[in-house]
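Presented below is the structure to which this report refers.
Every read-out reported here was derived from the displayed coordinates using simple, explicitly stated rules and does not represent laboratory data. This is a predicted model, so every value here is computed, not measured. For neighbour counting, all protein chains shown are included, and Cβ atoms are generated from backbone atoms with ideal geometry for every residue, glycine included.
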Amino acid sequence: MENWERCKQKKIETAESLETAIEVEHVTMAFRRAKDEATSIKELLVRTVRRQHRYETFQALDDVSFRVGKGEVAGIIGTNGSGKSTVLKIISGALIPTSGRVKVDRSKVQLLTLGTGFDPELTGRENVYLNGALIGYTKQYIDEKYDQIVRFAELEGFMEERVRNYSSGMVSRLGFAIATVRDTPEILILDEVLSVGDLFFRKKSEARIREMIHGGSTVLLVSHSTSVIRSNCSMAVWIEKGRLRAVGDPKEVCDAYENM
């Protein structure tokens with residue numbers, strides 16, 4: 001642990017000199033949503049025929065800018081609905097911002113959110129191949145790594161079960177194991193993955209992330225837990241109600257967030 005703390009501090013001190021892996025420049029994201037939703041199918045049809053739908057603009061992000069250096073571990077914190085996951089989707093290319101831009105090599109980006117790419121009607125085994133294919137693995141590669149994925153996820157004996165019967169923790173473990181079986185993904189984005197599962201698996205997941213960090217990966221993680229951000233990140237980004245509140249040292253940013 002002491003060696004890890006020294007390594008993390010060194011990353012903080014040299015962050016400005018790092019080559020940029022992700023740069024978010026003045027990103028704004030606005031969504032159009034129904035102002036008052038219909039309470040029944042009949043009401044929806046009547047409004048559609050009469051063109052009585054009313055909409056409002058919801059600003060999920062408002063002029064957000066930050067950069068993440070190559071090999072850094074950046075944590076994003078904020079209350080529910082603050083825009084954290086929207087930032088991740090824009091960085092990964094799943095959403096196009098209303099204005100602003102993101103500089104990143106998306107061919108190197110791997111986004112992991114709970115249950116993303118999983119079909120609840122398929123078995124755990126089938127979902128390994130489905131999810132692996134979605135993030136770019138070949139069937140041959142999955143064949144070679146299948147046993148390793150199952151062991152890491154601690155799901156021996158459950159792989160022929162349908163995923164709909166899995167707990168959220170089991171889904172999280174399987175998703176994490178698939179996403180991180182690659183030796184050193186260049187840019188790994190984790191959306192609330194470390195907050196699910198038992199204490200032992202969370203520690204194992206954090207240890208795996210540390211292995212990837214030492215292998216040169218750039219990691220961007222969202223977590224509600226400031227302890228996760230403090231113990232794993234070399235920088236932190238605080239987004240609140242769509243606006244950037246702070247960027248910098250994880251301890252200082254987390255302290256400010258907790259004292260808001």
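In whole angstrom, note down how far apart the Cα centers of the range 91-111 and the range 207-233 are.
Each part reduced to its Cα centre gives a spacing of 20 Å.
Antiparallel DSSP bridges in the range 103-260: what percent, to the nearest 5?
Details: 6 of 16 bridges.
Looking only at bridges with both residues in the range 103-260, the antiparallel portion is about 40 percent.
Among the GluC sites (Glu not before Pro) within the range 132-176, which fall in a DSSP loop and have no more than 13 other Cβ atoms within 10 Å of their own Cβ? Before the final figure, lay out each step's value.
On the way: sites: Glu144, Glu154, Glu156, Glu160, Glu161; in loops: Glu154, Glu156, Glu160, Glu161.
Qualifying residues, ordered by number: Glu156, Glu160.
Taking a ≥ b ≥ c as the square roots of the eigenvalues of the Cα gyration tensor of the range 136-212, is the shape rounded (a/c under 1.5), prolate (a/b larger than b/c) or oblate?
Working: a/c = 1.68, a/b = 1.03, b/c = 1.63.
Oblate.
Relative contact order for the range 67-178: what percent, with Cα pairs under 8 Å and sequence separation of 6 or more?
Values: 92 pairs, mean separation 28.2, N = 112.
Computed value for the range 67-178: 25 percent relative contact order.
For the cross-link pairs Lys108/Lys139; Lys203/Lys251; Lys89/Lys203; Lys145/Lys204; Lys84/Lys251, which exceed 24 Å when the distance is taken from alpha carbon to alpha carbon?
Lys89/Lys203
Assign unit charges at the C-beta atoms only (+1 for Lys and Arg, -1 for Asp and Glu), then state the dipole size of the range 56-169 relative to its Cα centre in Debye, rounded to the nearest 20.
On the way: 14 positive and 15 negative charges, 110 e Å.
The dipole of the range 56-169 has a size of about 520 debye.
Given charges of +1 on the Cβ of Lys and Arg and -1 on the Cβ of Asp and Glu, with all other atoms neutral, how large is the dipole of the range 120-260 about its Cα centre, in debye to the nearest 20?
Values: 18 positive and 21 negative charges, 38 e Å.
Here the size comes out at about 180 debye.
Using a 10 Å cut-off around each Cβ, can you sort Leu199, Leu122 from fewest to most neighbouring Cβ atoms?
Working: Leu199 7, Leu122 16.
Exposure proxy ranking, most exposed first: Leu199, Leu122.
Count neighbours as other Cβ atoms within 10 Å of each site's Cβ, and list the chymotrypsin sites (Phe, Trp or Tyr not before Pro) in the range 196-257 that are DSSP loop with at most 10 such neighbours.
Working: sites: Phe200, Phe201, Trp238, Tyr257; in loops: none.
Those that pass, being in a loop and sparsely packed, number zero.
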